[in-house]
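Undergrad: One structure, pasted below without further comment.
The values are calculated or read from the model by the stated rules, or taken from the named source; none is laboratory data. Treat the numbers as computed from the prediction; the structure is a model and nothing was measured. Please note: Cβ atoms are built from the backbone with ideal geometry, for glycine as well, and neighbour counts cover all protein chains shown. Protein only, heavy atoms only, side chains kept; ligands, DNA and RNA dropped before computing areas. Shrake-Rupley method; radii C 1.70, N 1.55, O 1.52, S 1.80 Å.
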Amino acid sequence: MTTTPLTAPIMRISRHRLSTDGRGVTTLVGLHGCPLTCRYCLNDRCHTPDGVWRNMTAQELYNEVVIDDIYFRSTGGGITFGGGEPALHSTFINEFAQRNTHRWNITIESSLNVPTHHIEQLAQVVDDYIIDIKSINPTTYRLYTGMDIDLALHNLQYLIGINKAAHITVRTPIIPGYNDANEVETTIRQLRDIGIEHFDAFTYHTDVARRPQPDGKSGKSTCNVLKRIRTIIADANNIAYTPTPCTHTTCTTGNCPACEKELAQLTQLINTTKNPIL
């Protein structure tokens, strides 16, 4: 009797995130579906059927992201599961982790507002947690997310109780019209009291039109960083390598054709090197 492989609905795969969704060079995997209905959701397509890009098995996802293996291993980076609410796909993430033989770092961006069994399952394989708590004030939280905060706090306490606090960063945004700096300070203070050490405080741009748009410069910068990483890896392993001068001006992802070709060539050489230095 054959069983149908488990799949997960993927919204997007975004490569070459440089210390924005976890440590080192990271690939962000957006998983579809979310229990919250946040007013200024940055990925609102997580609620719509047409928001799914592809349904993938864990092996298919691994095959898609392994291209950046040497970036992950050399910078301590890896895969960040975001969304939507990736914790709803805990079994899928566990299956993916079983294929992670290189021990890439696994990070999850979550509201924690999911049944606790998902968090218990993820605790076996997740290295770092980026937790989105809009406000610790129950009224503000429900007004903004449409859900109660109790389950999220219960799951946060669970992670603290199994000694994960040092691996948790809590995002505490100022959301115009919903909270203010004083409420954020209160949220941070109360979370410090229960053991949270790391916070990411910022202000939401509620006007989508004001959000920064790609201009190619960030892609050029990313491209230069990736070239530098490849150069360091090659030098450490005594591999002859001269990066191709970059002439493109509109890349916003850092994966121009020249970079991709050089990455593939260097990966092949590293994979045939005994005890490579990464």
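Undergrad: Any residue at all in segment 67-82 that's part of a loop (DSSP other than H, G, I, E, B) and touching a helix residue (DSSP H, G or I) at 6+ places or on another chain (Cβ under 7 Å)? Walk me through it before giving the result.
TA: First, pick out the residues of segment 67-82 that are part of a loop (DSSP other than H, G, I, E, B): 76-77.
Still in the list and also touching a helix residue (DSSP H, G or I) at 6+ places or on another chain (Cβ under 7 Å): 77.
Within segment 67-82, one or more residues are part of a loop (DSSP other than H, G, I, E, B) and touching a helix residue (DSSP H, G or I) at 6+ places or on another chain (Cβ under 7 Å).
Undergrad: Another question about this same structure. Identify, by number, the condition in (1) free of Cβ contacts under 8 Å to residues at least 60 places away in the same chain; (2) surrounded by fewer than 16 Cβ atoms within 10 Å (Cβ to Cβ); (3) over 17 Å from the mean Cα position of the chain (by Cα) that THR37 doesn't meet.
TA: (1)
Undergrad: Pick out, from segment 107-161, the helices (runs of 4 or more DSSP H) lying fully within it that include 3 or more residues that are of a type in the set (Ser, Thr, Tyr) and either open to solvent by 10 Å² or more (accessible area, probe 1.4 Å) or within 17 Å of THR37 (Cα to Cα) (or both). Quick ask: steps written out before the conclusion?
TA: On the way: elements: 116-122, 138-145, 150-161.
Counting at least 3 such residues, we get 138-145.
Undergrad: Considering only segment 101-136, state which residues are among the basic types (Lys, Arg) and either out of contact with any strand residue (DSSP E or B) (no Cβ under 8 Å at 6 or more places or on another chain) or on the phi > 0 side of the Ramachandran plot (or both).
TA: Correct list: ARG103 only.
Undergrad: Identify all residues within segment 83-106 that are open to solvent by less than 20 Å² (accessible area, probe 1.4 Å), touching a Pro at 6+ places or on another chain (Cβ under 8 Å) and part of a helix (DSSP H, G or I); write none if there are none.
TA: ILE93
Undergrad: When only residues in segment 163-206 that are among the polar types (S, T, N, Q) and under 20 Å from the mean Cα position of the chain (by Cα) count, which is least open to solvent (accessible area, probe 1.4 Å)?
TA: Among those residues, the one meeting the criterion is THR172.
Undergrad: A follow-up question, please. What are the pairs, 6+ residues apart or on separate chains, where a residue within segment 235-253 that is modelled with pLDDT of 70 or more has its Cβ under 7 Å from a residue that is part of a loop (DSSP other than H, G, I, E, B)?
TA: ALA236/ILE277; ASN237/THR273; ASN237/PRO276; ASN237/ILE277; CYS246/CYS256
Undergrad: Yes or no: segment 7-29 includes at least one residue that is within 17 Å of the chain's Cα centre (by Cα) and assigned to a helix (DSSP H, G or I).
TA: Narrowing segment 7-29 to residues within 17 Å of the chain's Cα centre (by Cα): 8-29.
Going one step further and asking which of them are assigned to a helix (DSSP H, G or I), we end up with none.
Looking through segment 7-29, none of the residues is within 17 Å of the chain's Cα centre (by Cα) and assigned to a helix (DSSP H, G or I).
Undergrad: Same structure, new question: Given the conditions (1) within 16 Å of the chain's Cα centre (by Cα); (2) assigned to a strand (DSSP E or B), which single one is not true for ASN55?
TA: (1)
Undergrad: In the set THR57, THR80, which member is out of contact with any Leu (no Cβ under 6 Å at 6 or more places or on another chain) and either open to solvent by less than 60 Å² (accessible area, probe 1.4 Å) or over 28 Å from MET147 (Cα atoms) (or both)?
TA: Details: THR80 fails: out of contact with any Leu (no Cβ under 6 Å at 6 or more places or on another chain).
Residue meeting the stated conditions: THR57.
Undergrad: Any residue in segment 207-222 that is touching a His at 6+ places or on another chain (Cβ under 7 Å), modelled with pLDDT under 95 and surrounded by 12 or more Cβ atoms within 10 Å (Cβ to Cβ)? Break it down stepwise before answering.
TA: Quick first cut of segment 207-222, residues touching a His at 6+ places or on another chain (Cβ under 7 Å) only: 211, 222.
Within this subset, residues satisfying the condition of being modelled with pLDDT under 95 are 211, 222.
When the remaining residues are screened for being surrounded by 12 or more Cβ atoms within 10 Å (Cβ to Cβ), the result is 222.
Checked segment 207-222: at least one residue is touching a His at 6+ places or on another chain (Cβ under 7 Å), modelled with pLDDT under 95 and surrounded by 12 or more Cβ atoms within 10 Å (Cβ to Cβ).
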